[in-house]
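Student: The structure under discussion is supplied below as structure tokens; questions concerning it will follow.
The values are calculated or read from the model by the stated rules, or taken from the named source; none is laboratory data. Please read these numbers as outputs of a predicted model, since none were measured by experiment. Counting neighbours? That spans all protein chains shown, and the Cβs are built from the backbone with ideal geometry, glycine included.
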Amino acid sequence: MRIRARGVLILDATRPLPSPLSTGLRGRCPRCGEGHMFNGFLTFAPSCDACDLDYSGFNSGDGPAFFVMSIVGTLVVGLALWLEITYEPPIWVHALVAGTLAIGLSLAIIRPLKGVLAALQFANKAEQGRFR
Ligand SMILES: [Zn+2]
């Protein structure tokens, strides 16, 4: 199967899908690797602007938030412990450093994580469970 858009070959079923990790981290379409997955910061676009893949079935749920909390929490708590043991700074330094890092890292990694989870959902054909 080959899909063309505007005369350009964008999907060739004889080739494997692009890596879900690569497309998800870049926020690109998990089928063609070219179109944009996001319409806003965390909002999925209705469909791929290159191959028209419908994104309405994508639902990463709380997955990205869980991974962000786990990763950022581990890093920030570890850094706060190291900072306290090494320098024993006043509490306002902890609040400033930990607050800035927690917010900044969370905003930096939530979109790529959401993209990876959606791309993995597409690659593994995951969907809502149903009773027959
Ligand atoms: Zn696409």
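Student: Name the residue, out of Asn59, Asn39, that is out of contact with any helix residue (DSSP H, G or I) (no Cβ under 8 Å at 6 or more places or on another chain), polar (S, T, N, Q) and more than 10 Å from the ligand (Cβ to nearest atom).
Tutor: Every option except Asn39 fails the conditions.
Student: In segment 85-132, which residues are in contact with a Ser or Thr (Cβ under 9 Å, 6 or more places away or on another chain) and of a type in the set (S, T, N, Q)?
Tutor: Gln121
Student: Let me ask something else. Just checking, how many residues over segment 92-106 are loosely packed, with under 15 Cβ neighbours inside 10 Å and either under 23 Å from the mean Cα position of the chain (by Cα) or of a type in the set (Lys, Arg) (or both)?
Tutor: Within segment 92-106, residues that are loosely packed, with under 15 Cβ neighbours inside 10 Å and either under 23 Å from the mean Cα position of the chain (by Cα) or of a type in the set (Lys, Arg) (or both) number 4.
Student: Take Thr14 and tell me if it is more than 14 Å from the ligand (Cβ to nearest atom), more than 16 Å from Leu117 (Cβ to Cβ), out of contact with any Pro (no Cβ under 8 Å at 6 or more places or on another chain) and among the hydroxyl-bearing types (Ser, Thr, Tyr).
Tutor: yes
Student: Confirm whether Gly24 is closer than 13 Å to Ala119 by Cβ, surrounded by 14 or more Cβ atoms within 10 Å (Cβ to Cβ) and within 15 Å of the ligand (Cβ to nearest atom).
Tutor: Judged against the criteria, Gly24 is a match.
Student: From the set of residues in segment 36-57 that are within 16 Å of Pro18 (Cβ to Cβ) and within 15 Å of the chain's Cα centre (by Cα), which is surrounded by the fewest Cβ atoms within 10 Å (Cβ to Cβ)?
Tutor: His36
Student: Give me the pairs, please: first residue somewhere in segment 52-74 and more than 17 Å from Leu25 (Cα to Cα), second residue anywhere and within 16 Å of the ligand (Cβ to nearest atom) and in a loop (DSSP other than H, G, I, E, B), beta-carbon distance under 6 Å, and either six or more positions apart or on two chains.
Tutor: If the second residue must be within 16 Å of the ligand (Cβ to nearest atom) and in a loop (DSSP other than H, G, I, E, B), the pairs left are Leu53/Cys29; Leu53/Arg31.
Student: State the number of residues belonging to segment 44-56 that are polar (S, T, N, Q) and either within 7 Å of the ligand (Cβ to nearest atom) or modelled with pLDDT of 95 or more (or both).
Tutor: Final tally of qualifying residues: 1.
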